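Student: Please read through the structure below; I'll follow up with questions.
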Amino acid sequence: MLTLKNRRNYNLFYRCSVLVWMACKFLVQIYSFHFIHSIWDERTRQKWDRLLMKQAKEYRKRAVQLGGVLIKVGQFLSTRTDFMPQAFINELSGLVDRVPPMPYSYAKTLLEEEWGKEIGDVVDEIDEESIASASIGEVYVARLRENGKKVAIKVQRYQIEKIFHMDFIALRIVFWIISVFTSFGRKADLKSLYTELITVMDQELDFKQELENALYFQNRFKNYSYIHIPNYYNHLCTRKVLVMDWVDGAKVTDISFMNEHHIAVEQTAKRVFEFCVDQYLQEGNFHADPHAGNILLQKDGTLAIIDFGMVGTVRKQDIHYFKHIIQNVIIDDYDRVINTLDEMDFLLPQANKEKLKKMIKHMVSMYKNGSFKTLDAHTMEQLKEDIRIFIKDQPIQLSAEYAYLGRAMSIVLGILLAIYPDVDLEKWVNRKVKKWFGGKSLIESVYKQYAMDTIQPFLSFPNAMLNWLENGEKDRQWDKKKQQMRWKHHFLLVLEMMLFTFGGITGGVSLLGLGLDSTAAVLLLWGSVASFIGAGLTLIIHYRFIRSEK
């Protein structure tokens, strides 16, 4: 049974009030702080960080209390280094999608409704205590009656769709407040940001979509012997229920498990790297939430991948952009880097491209002097901090897809360092990028690709010339035909006008007489009749000609 305290969580007015009040409260605190502190020294910055941390903790507390969109928004905001303060990101990055479990009675009722039969007709046994409880779904362990296999059953939480759509309304109000009362609202494309956020979260509500995602990854990685994606039971899966084989294993970062089962640590790190980087460098979908809990290590060293609710897409055009950025950074052509970023819609209209170019060049030169071999947790955090400051200071806004891609890459990097601190990322990345560009070495590959891109217009010139000549000849023939048709059209039109005019004049003169004898008048009359007959025949011919052109 739901308590009075829990019932209000399903009330639109209450949820909207909490979200809007929290947003307004945060804005007032921020404006007050800036009004009071006109001079920003080290002490002021420390106070500022404490304020942001306090706000982030309050948000986190409310998110855990209310669940729903607040948790998802918190996780989303933790990826947005383009506008979120680092103190806020640090607090929200640890926001785990865990909420208090729902009563088993609700899960049982929902399962029977979705399956259209008694739960005992489908499973022999089911553990009434869920093993995982997230903002969208609750996971139970059961054993199927049809084959006796152990399965995980994911059930959509009580009224979660209603909660999400109530929160969408509250978020719209919050975004409106931000757009009207903050400078950020005037800088960023909040309408686009809101739409992307809602679209991504709304997809997670449909378990059928998650099933499609899982089947996609099963097919994509079917030839990877070290990747296992559990089997899903399609006939038992609905919009609100997912049923898949149970996966035994430990988190991929569990070093003691690797030692116990004699699994090579470096090999595991390489497999995680290969699995993830292949998604980021190739056209198709990528797992957008690859944290350690979703990559399980089995006793034989196989990586079992689960939870495909959050999936992003790398488009063919994105691959083209990524390659252009890399090759232009390597050859120091930062004008092309900026142009590519502009094509990717990273740059807002007010962007100072010259300043941006100088900052990118400066940052790249800083990290070119270092080495990925010395990359540790501290260096990684410093790198992320530099990138965050760089993005925050510039009129840049990442789309949701790129933000999730960046988040996924950051998570994977953290996993690699946790598994194998001595990871030689420079070597691994070099090998992957070399293969990506299709050359013998990274520099050679990049210059080869650059040369191909540069010379492509010239290589295509002969074909273009032949096409032009061929098409030109066809066009000239067509133009000649059109001109002939145009002339014929004009000729018939002029002939019609002349015949009608001549017939009218001769007919009028013959009828009026105007001093003519009877013979001349009759001849003119017959001439008029002949002119009108000719004009009529010409009209018929002209009409058929016009019809033939259509």
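The values are calculated or read from the model by the stated rules, or taken from the named source; none is laboratory data. From a predicted model like this one, the values you see are computed outputs, not experimental measurements. Every residue, glycine as well, gets a Cβ built from its backbone with ideal geometry; the counts of neighbours run over all protein chains shown.
Student: Show the residue pairs that are 6+ apart or on different chains and have beta-carbon atoms under 6 Å apart, the first residue being within region 423-449 and closer than 26 Å to Val265 by Cβ and of a type outside the set (A, V, I, L, M, F, W, C), the second being modelled with pLDDT under 70 and crowded, with 17+ Cβ neighbours inside 10 Å.
Tutor: Taking only residues 6 or more apart or on different chains, the pairs are Asn430/Leu442; Lys434/Leu442; Lys434/Ser445.
Student: Anything in region 130-147 that is under 29 Å from Gly67 (Cβ atoms) and in contact with a strand residue (DSSP E or B) (Cβ under 8 Å, 6 or more places away or on another chain)? List them, or say none. Show your work before the answer.
Tutor: Restricting attention to region 130-147, the residues satisfying the condition of being under 29 Å from Gly67 (Cβ atoms) are 130-142.
Those that are under 29 Å from Gly67 (Cβ atoms) and in contact with a strand residue (DSSP E or B) (Cβ under 8 Å, 6 or more places away or on another chain): Ser130, Ile131, Ala132, Ser133, Ile136, Gly137, Glu138, Val139, Tyr140, Val141, Ala142.
Student: Got a number for residues in region 15-40 being touching a helix residue (DSSP H, G or I) at 6+ places or on another chain (Cβ under 6 Å) and within 13 Å of Phe181 (Cβ to Cβ)?
Tutor: 3
Student: Here's a follow-up. So which residues in region 247-262 are more than 19 Å from Ile229 (Cβ to Cβ) and either buried (at least 19 other Cβ atoms within 10 Å of the Cβ) or of a type in the set (D, E, K, R) (or both), if there are any at all? Walk me through it before giving the result.
Tutor: In the first step, residues of region 247-262 are kept if they are more than 19 Å from Ile229 (Cβ to Cβ); the result is 253-262.
Of everything in region 247-262, those that are more than 19 Å from Ile229 (Cβ to Cβ) and either buried (at least 19 other Cβ atoms within 10 Å of the Cβ) or of a type in the set (D, E, K, R) (or both) turn out to be Thr253, Asp254, Met258, Glu260.
Student: Can you tell me which residue in region 341-353 is modelled with the lowest pLDDT, limited to those that are surrounded by fewer than 18 Cβ atoms within 10 Å (Cβ to Cβ) and outside any loop (DSSP other than H, G, I, E, B)?
Tutor: Taking the candidates together, the pick is Lys353.
Student: Please verify whether Lys222 is basic (Lys, Arg), out of contact with any strand residue (DSSP E or B) (no Cβ under 7 Å at 6 or more places or on another chain) and not assigned by TED's automatic domain parsing to the domain that holds Gly116, treating the condition exactly as stated.
Tutor: Values: basic (Lys, Arg): yes; out of contact with any strand residue (DSSP E or B) (no Cβ under 7 Å at 6 or more places or on another chain): yes; not assigned by TED's automatic domain parsing to the domain that holds Gly116: no.
For Lys222, the condition - basic (Lys, Arg), out of contact with any strand residue (DSSP E or B) (no Cβ under 7 Å at 6 or more places or on another chain) and not assigned by TED's automatic domain parsing to the domain that holds Gly116 - is not met.
Student: Step by step: first the residues of region 102-122, then only those that are in a loop (DSSP other than H, G, I, E, B) and crowded, with 16+ Cβ neighbours inside 10 Å, then the one that is modelled with the highest pLDDT. Which residue is that? Before you say what the answer is, go through the steps one by one.
Tutor: Step one: of region 102-122, the residues in a loop (DSSP other than H, G, I, E, B) are 102-103, 116-118, 122.
Narrowing further to those that are crowded, with 16+ Cβ neighbours inside 10 Å: 102, 122.
On the way: Met102: 85, Val122: 95.
Once the filter is applied, the top-ranked residue is Val122.
Student: Moving to a separate point now. Is it true that some residue in region 314-325 is assigned by TED's automatic domain parsing to the domain that holds Phe346, among the hydrophobic types (A, V, I, L, M, F, W, C) and under 18 Å from Gly137 (Cα atoms)? I'd like the intermediate steps shown before the answer.
Tutor: Residues of region 314-325 that are assigned by TED's automatic domain parsing to the domain that holds Phe346, as a first pass: 314-325.
Next, only the ones that are among the hydrophobic types (A, V, I, L, M, F, W, C) stay: 314, 319, 322, 325.
Checking which are under 18 Å from Gly137 (Cα atoms) leaves us with none.
No, region 314-325 has no match at all.
Student: With the checklist (1) more than 30 Å from Glu118 (Cβ to Cβ); (2) assigned by TED's automatic domain parsing to the domain that holds Val139 in hand, flag the one item Leu215 doesn't pass.
Tutor: Every condition holds for Leu215 apart from (1).
Student: A follow-up question, please. Of the residues that make up region 230-241, is at least one farther than 29 Å from Leu413 by Cα, surrounded by 16 or more Cβ atoms within 10 Å (Cβ to Cβ) and in the same structural domain as Gly74 (by TED's automatic domain parsing)?
Tutor: Within region 230-241, not a single residue is farther than 29 Å from Leu413 by Cα, surrounded by 16 or more Cβ atoms within 10 Å (Cβ to Cβ) and in the same structural domain as Gly74 (by TED's automatic domain parsing).
Student: Please identify the pairs in which a residue from region 49-69 that is touching a residue at least 12 places away in the same chain (Cβ under 8 Å) has its Cβ atom under 6 Å from the Cβ atom of a residue that is in a helix (DSSP H, G or I) and among the polar types (S, T, N, Q), counting only partners at least 6 apart or on another chain.
Tutor: From region 49-69, the pairs are Leu66/Asn9.
Student: Among the helices (runs of 4 or more DSSP H) confined wholly to region 123-211, which include 3 or more residues that are surrounded by 19 or more Cβ atoms within 10 Å (Cβ to Cβ) and touching a helix residue (DSSP H, G or I) at 6+ places or on another chain (Cβ under 8 Å)?
Tutor: On the way: elements: 160-181, 183-187, 190-204.
In region 123-211, 160-181, 190-204 are the helices (runs of 4 or more DSSP H) which contain 3 or more residues that are surrounded by 19 or more Cβ atoms within 10 Å (Cβ to Cβ) and touching a helix residue (DSSP H, G or I) at 6+ places or on another chain (Cβ under 8 Å).
Student: Shifting gears a bit: In the set Phe13, Phe35, which member is loosely packed, with under 11 Cβ neighbours inside 10 Å, at pLDDT below 85 and either closer than 25 Å to Ala63 by Cβ or touching a His at 6+ places or on another chain (Cβ under 7 Å) (or both)? Explain how you work it out, then say what you get.
Tutor: On the way: Phe35 fails: either closer than 25 Å to Ala63 by Cβ or touching a His at 6+ places or on another chain (Cβ under 7 Å) (or both).
Result: Phe13 is the single residue among Phe13, Phe35 that is loosely packed, with under 11 Cβ neighbours inside 10 Å, at pLDDT below 85 and either closer than 25 Å to Ala63 by Cβ or touching a His at 6+ places or on another chain (Cβ under 7 Å) (or both).
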